[in-house]
Amino acid sequence: TKEVEKFINLPILGFVPFFNFYKIESNEQDNDFITISDILENEEISNNLKFIFEETFRNIYTSIKFSKSDKEIKLVNITSTIPEEGKSLCSLFLALNISQIQKKVLIVDTDLRRPSLHKRLNVDNVTGISNYLVNKDSDWRKYVQQNDSYKNLSFITSGKIPPNSLSLLESNKMKSFLNELKKSDEFDFIILDCTPILGLSDALIISNYVDATFLSISLSKVKKKVSIEG
């Protein structure tokens, strides 16, 4: 982590220890997407290990809240340099653990290219944020779903994959939607799970609308040169 901090010249909010969840047998046919239930309900994972993992994300949330003294950080997006660095799983675990400390959390899958939130939560992706952005419907609350196991956790899936995600993300309707979220009292914290930044503009566009952007870096996964260029 010291090396990461040195080369990207940004503060480190936390360090997530590596757990090989992909050894867990998934209920999904697609084993690339381990569901949250596969992890949290698996008896092979010790309670001590789960506690360490939960505390890690709660400490990250504390770091987020204390990282800016002059403004409230309520709406954030989480991205990575390249795909498969664990940003989506980290985004969801962060949302889950914040919801457990009596905070109302909303997580939105704004990765309209390779969405995964619905797979992690084992729900359908028939309608989501993309549907809201292309429809005339002005009520985004119709697209919010509630998690059965975590009463303080709400989510919006990506919806149908559009032919041009950029046009939706930089639309006036998207800006209005995010502004409403920031002003709303319905949620204490909102997380946007974005695409990786290398070669894509989606997360950079979203970063203009949020209070903070967080970069997930997987050690021994992304090359130093690539991360700096990104």
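Among F15, F7, F187, the order of accessible area from largest down is F15, F7, F187, computed with a 1.4 Å probe on protein heavy atoms. Close amide H partners of S80, meaning residues 5 or more places away or on another chain with modelled amide H under 5 Å apart, are I197, S216.
When D111, D148 are compared by accessible area at a 1.4 angstrom probe, the order from most to least is D148, D111.
Shown for the range 61-180: lysine pairs separated by 8 or more places, or found on different chains, whose C-alpha atoms are under 13 Å apart, numbering 7. The charge dipole of the chain, taken about its Cα centre with unit charges on the Cβ of Lys, Arg, Asp and Glu (plus for the first two, minus for the last two), comes to roughly 720 debye.
Given the choices (1) 29; (2) 15; (3) 19, percent of Cα pairs over 32 Å apart derived from the coordinates of this structure is entry (2).
Just check the range 103-185 against the gyration tensor rule for me: Cα atoms, a ≥ b ≥ c as the square roots of the eigenvalues, rounded for a/c under 1.5, and otherwise prolate or oblate depending on whether a/b exceeds b/c. The shape class here is oblate.
Looking at the chain, the accessible area is 55 square angstrom per residue; that uses a 1.4 Å probe and ignores ligands, DNA and RNA.
Of the residues I217, G128, I34, the one whose Cα sits farthest towards the positive end of the charge dipole of the chain is I217 (charges of +1 on Lys and Arg Cβ, -1 on Asp and Glu Cβ, taken about the Cα centre).
The values are calculated or read from the model by the stated rules, or taken from the named source; none is laboratory data. Quick caveat, the model's predicted, so the values are computed rather than measured. Cβ atoms come from the backbone with ideal geometry, glycine included; neighbour counts cover every protein chain shown. Accessible surface areas use protein heavy atoms only, side chains included; no ligands, DNA or RNA. Shrake-Rupley method; radii C 1.70, N 1.55, O 1.52, S 1.80 Å.
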